[in-house]
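Chemist: Just dropping this structure here.
The values are calculated or read from the model by the stated rules, or taken from the named source; none is laboratory data. Since we're looking at a predicted model, the values are computed, not measured. Cβ placement follows ideal geometry from the backbone for every residue including glycine, while neighbour counts extend to all protein chains displayed. Accessible surface is based on the protein model in full, side chains and every heavy atom, while ligands, DNA and RNA are left aside. Shrake-Rupley method; radii C 1.70, N 1.55, O 1.52, S 1.80 Å.
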Amino acid sequence: MSGKQTYRVCFCFQRRFQMAAVEAPNDVKAIFFKYTAANGFMSVEQLRRFMVEVQKEENATLEDAQALIDGVNPLHELKHLTLFLRRGLNLEGFFKYLFGDANPPLNPKLRVHHDMNAPLSHYFIYTGHNSYLTGNQLSSDCSDVPIINALHRGVRVIELDIWPNSTKDNVEVLHGRTLTTPVKLIRCLRSIKEHAFVASEYPVVITLEDHLTPHLQAKTAEMITKTFGGMLYSPGSECLSEFPSPESLKRRIIISTKPPKEYLQHKDSKIQETTSKKRKDASKQEPWGKEIQSFGTKTNVNKVGCLDIESNEEGEEDFKLDQYEAPEYRRLIAIHAGKGRGGMQDWLRVEPNKVRRLSLSEQELEKAIATYTQDIVRFTQQNLLRVYPKGIRFDSSNYNPLIGWMHGAQMVALNMQGYGSALWLMHGMFRANGGCGYVKKPEYLLKDTDVIYDSLPIRLTLKVTVYMGEGWFYDFNHTYFDNYSPPDFYARVGIAGVPADVVMKKTKTLDDNWIPNWDEVFLFPLTVPELALLRVEVHEHDTSEKDDFAGQTCLPVSELRQGIRAVPLHTRKGERYKSVRLLMRFEYI
């Protein structure tokens, strides 16, 4: 892209800006000439050396290098292609390779590479909250579309709240005691069956929040059985003594819920005006999504008596099952959930021959961490811990998922429609392990119980160079960021992880430039690199209003490829832009 761009100011005046051409940064030019022969072309062997020494692709072969050369053709005339391929890469071709789709920051050939034969409790699992909601928690539509979208992204845990319909003869999915419009359970089940394994072959867990009579529990069991058939994993009515592995459960559907209990009458109630104001306040966010809270920050507690809709999600006592349950429904439950009669210490008890799932709200988890850290970690070594957003997040916002992951929680449930920094971290975490939806927990969370994150030594320093960005000119309207001039971009780069590693840094702002060339270096000392996520955001500086969002991504540090890489950016919703990307370099020092 080169030439001039004109912006109209008022009605009578125009401003013209010189458009810069996309040009390789000086560092890239220097590296190219270091590995290039006198004729100005990089041969196959020289490219292989570059891949090994700079890109740290130790197993790169001449065939790999030749494939990259074959995929790059900066010449416009086909008749020159043969000569070009014989000589190798010139600077333009080398830069095109570095900034192209064939050079991503995560290795596309790596795919699933974690050990998938351990029990389910040894993995972080991609988990959704109220997976059927299209928007806020109070008045949005319920639909199977968000479920389908989540499954296509790789989400492996789908939550359904099941209630009787208005005539009490069928089952619907909706957020109870709110004004959300329902969707039929059978529609959700059929969509799960059709789309469960599009993104991953590893098991899908359906967590049911059950508000049914025994008659409707039996009807639900019949629907589940007929819909999934042999896909359904049903070990019987007894609790498992150990969870099976993801590998053994490939292409299986697993039902998880609390043991059936007394039916709770559903009432659609109107929302008080005083509560509505609270919701509106909670929905105010920055244009690119509200920044997640720091560790130790006190969360706002509902002081006006608002209903915490999920506060009794699993009940506080065991019920006489034979009095209230449909036995065919109970037999479908593979992962039993429940809190028991006592307090937190009792909830976190580890039983020698019985594994189960416990659900805690984000508030309950934060309180428990202060006193029961060892118990939480010990519990999650054998059992499953699900964490869900507090009930006053009416706007479908999210909490910091790392608080749960740091303490071994496998099912950290987020609102997949609650776009913002917290959900971007979720996307980043589950880009690991081939995007299969299961990420093996760090070994220390599987062996130790005395987990302390204070005063840890630095184990790794990540050096990040932000060279430049490109693509906004093609993916955005030319007056999207500013009516009167090209955009003023800056980048934010940082780490999400354990408290000692959390940091966010910022480049300079480059005025009036569609192709910002920052060329800045940042160092990130890491104490727990296994849980570190690299955050990258680009914003457009605005002097009169809030800065505009211009792209983001989040990447697991444990799987970052060293070297110079093309980093695609995504929208607030996590969808990849067609053209927008950054050229960055990653080094471990």
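Chemist: List the pairs whose first member sits in the stretch 91-117 and is touching a residue at least 12 places away in the same chain (Cβ under 8 Å) and hydroxyl-bearing (Ser, Thr, Tyr), whose second member is open to solvent by less than 50 Å² (accessible area, probe 1.4 Å) and part of a loop (DSSP other than H, G, I, E, B), and whose Cβ atoms are under 7 Å apart, counting only residues at least 6 apart or on separate chains?
Modeler: Pairs that qualify, where the first residue is touching a residue at least 12 places away in the same chain (Cβ under 8 Å) and hydroxyl-bearing (Ser, Thr, Tyr) and the partner is open to solvent by less than 50 Å² (accessible area, probe 1.4 Å) and part of a loop (DSSP other than H, G, I, E, B), are TYR97/VAL72; TYR97/ASN103.
Chemist: Here are some residues: ASN103, ASN117, ASN136, ASN107. Which one is surrounded by fewer than 13 Cβ atoms within 10 Å (Cβ to Cβ) and either at pLDDT 95 or above or of a type in the set (Phe, Trp, Tyr) (or both)?
Modeler: Exactly one of ASN103, ASN117, ASN136, ASN107 is surrounded by fewer than 13 Cβ atoms within 10 Å (Cβ to Cβ) and either at pLDDT 95 or above or of a type in the set (Phe, Trp, Tyr) (or both), namely ASN117.
Chemist: Quick one: what pairs do we get from the stretch 374-395, first residue open to solvent by less than 10 Å² (accessible area, probe 1.4 Å), second of a type in the set (Ser, Thr, Tyr) and in a helix (DSSP H, G or I), C-beta under 8 Å, 6+ apart or different chains?
Modeler: Listed by first residue and then by second, the contacts come to THR380/SER121; ASN383/SER121; LEU384/SER121.
Chemist: Now, a different point. Can you tell which of MET51, MET1 is at pLDDT below 90, among the hydrophobic types (A, V, I, L, M, F, W, C) and open to solvent by less than 90 Å² (accessible area, probe 1.4 Å)?
Modeler: On the way: MET51 fails: at pLDDT below 90.
The conditions single out MET1.
Chemist: A further question follows. Going through the stretch 192-215 one residue at a time, which ones are farther than 30 Å from HIS113 by Cβ, outside any loop (DSSP other than H, G, I, E, B) and either among the acidic types (Asp, Glu) or touching a helix residue (DSSP H, G or I) at 6+ places or on another chain (Cβ under 9 Å) (or both)?
Modeler: Passing the criteria: LEU208, GLU209, ASP210, PRO214.
Chemist: Among the residues of the stretch 22-41, count how many are aliphatic (A, V, I, L, M), open to solvent by less than 50 Å² (accessible area, probe 1.4 Å) and in a helix (DSSP H, G or I).
Modeler: Result for the stretch 22-41: 2.
Chemist: Restrict the check to the stretch 501-521 and report whether at least one residue is within 21 Å of the chain's Cα centre (by Cα), open to solvent by less than 40 Å² (accessible area, probe 1.4 Å) and on the phi < 0 side of the Ramachandran plot.
Modeler: The answer is yes, given that some residue of the stretch 501-521 is within 21 Å of the chain's Cα centre (by Cα), open to solvent by less than 40 Å² (accessible area, probe 1.4 Å) and on the phi < 0 side of the Ramachandran plot.
Chemist: Also, I was wondering about something else. With respect to the numbered conditions (1) at pLDDT 95 or above; (2) open to solvent by 60 Å² or more (accessible area, probe 1.4 Å); (3) at positive phi, which one is the sole condition not fulfilled by SER455?
Modeler: Against the list (1) at pLDDT 95 or above; (2) open to solvent by 60 Å² or more (accessible area, probe 1.4 Å); (3) at positive phi, SER455 comes up short only on (1).
Chemist: So, in the stretch 123-147, how many residues would count as being closer than 12 Å to VAL173 by Cβ and among the small types (Gly, Ala, Ser)?
Modeler: Qualifying residue count for the region: 2.
Chemist: For the stretch 110-150, give me the residue count where each residue is among the charged types (D, E, K, R), assigned to a loop (DSSP other than H, G, I, E, B) and in contact with a Gly (Cβ under 9 Å, 6 or more places away or on another chain).
Modeler: Of the residues in that region, 1 qualify.
Chemist: Identify all residues within the stretch 234-248 that are farther than 14 Å from ILE125 by Cα and in a helix (DSSP H, G or I); write none if there are none.
Modeler: Correct list: SER248 only.
Chemist: Is it the case that some residue within the stretch 529-551 is in contact with a His (Cβ under 9 Å, 6 or more places away or on another chain), buried (at least 23 other Cβ atoms within 10 Å of the Cβ) and touching a residue at least 24 places away in the same chain (Cβ under 8 Å)?
Modeler: Looking for residues that are in contact with a His (Cβ under 9 Å, 6 or more places away or on another chain), buried (at least 23 other Cβ atoms within 10 Å of the Cβ) and touching a residue at least 24 places away in the same chain (Cβ under 8 Å), one finds at least one in the stretch 529-551, hence yes.
Chemist: Name the single residue, out of those in the stretch 175-185 being open to solvent by 10 Å² or more (accessible area, probe 1.4 Å) and either closer than 25 Å to ILE125 by Cα or of a type in the set (Lys, Arg) (or both), that is modelled with the lowest pLDDT.
Modeler: My answer is ARG177.
Chemist: Quick check on my filter: what residues within the stretch 194-219 are open to solvent by 10 Å² or more (accessible area, probe 1.4 Å), closer than 18 Å to TYR329 by Cβ and of a type in the set (Val, Ile, Thr)?
Modeler: THR213
Chemist: Return the only residue of GLY435, GLY428 being surrounded by fewer than 20 Cβ atoms within 10 Å (Cβ to Cβ) and either modelled with pLDDT of 95 or more or closer than 22 Å to ILE376 by Cα (or both).
Modeler: Of GLY435, GLY428, the one residue that is surrounded by fewer than 20 Cβ atoms within 10 Å (Cβ to Cβ) and either modelled with pLDDT of 95 or more or closer than 22 Å to ILE376 by Cα (or both) is GLY435.
Chemist: For the stretch 13-34, which residues satisfy the criterion of being modelled with pLDDT of 90 or more and under 38 Å from the mean Cα position of the chain (by Cα)?
Modeler: GLU23, ALA24, PRO25, ASN26, ASP27, VAL28, LYS29, ALA30, ILE31, PHE32
Chemist: Before we move on, is SER191 in contact with a Cys (Cβ under 6 Å, 6 or more places away or on another chain), among the polar types (S, T, N, Q) and open to solvent by less than 30 Å² (accessible area, probe 1.4 Å)?
Modeler: no
Chemist: Now, a different point. Checking ASP488 against (1) farther than 28 Å from ASN400 by Cβ; (2) without any contact (Cβ under 8 Å) to a residue 12 or more places away in the chain: exactly one of these is not met. Which one?
Modeler: For ASP488, the failing item is (2).
Chemist: Looking only at the stretch 408-425, which residues are modelled with pLDDT under 95 and in contact with a Cys (Cβ under 9 Å, 6 or more places away or on another chain)?
Modeler: none
Chemist: Which members of the stretch 376-428 meet the condition of being of a type in the set (A, V, I, L, M) and part of a helix (DSSP H, G or I)?
Modeler: Step one: filter the stretch 376-428 for residues of a type in the set (A, V, I, L, M), giving 376-377, 384-385, 387, 392, 402-403, 406, 409, 411-414, 416, 422-423, 425-426.
If the condition is that a residue be of a type in the set (A, V, I, L, M) and part of a helix (DSSP H, G or I), then ILE376, VAL377, LEU402, ILE403, ALA422, LEU423, LEU425, MET426 are the ones that fit.
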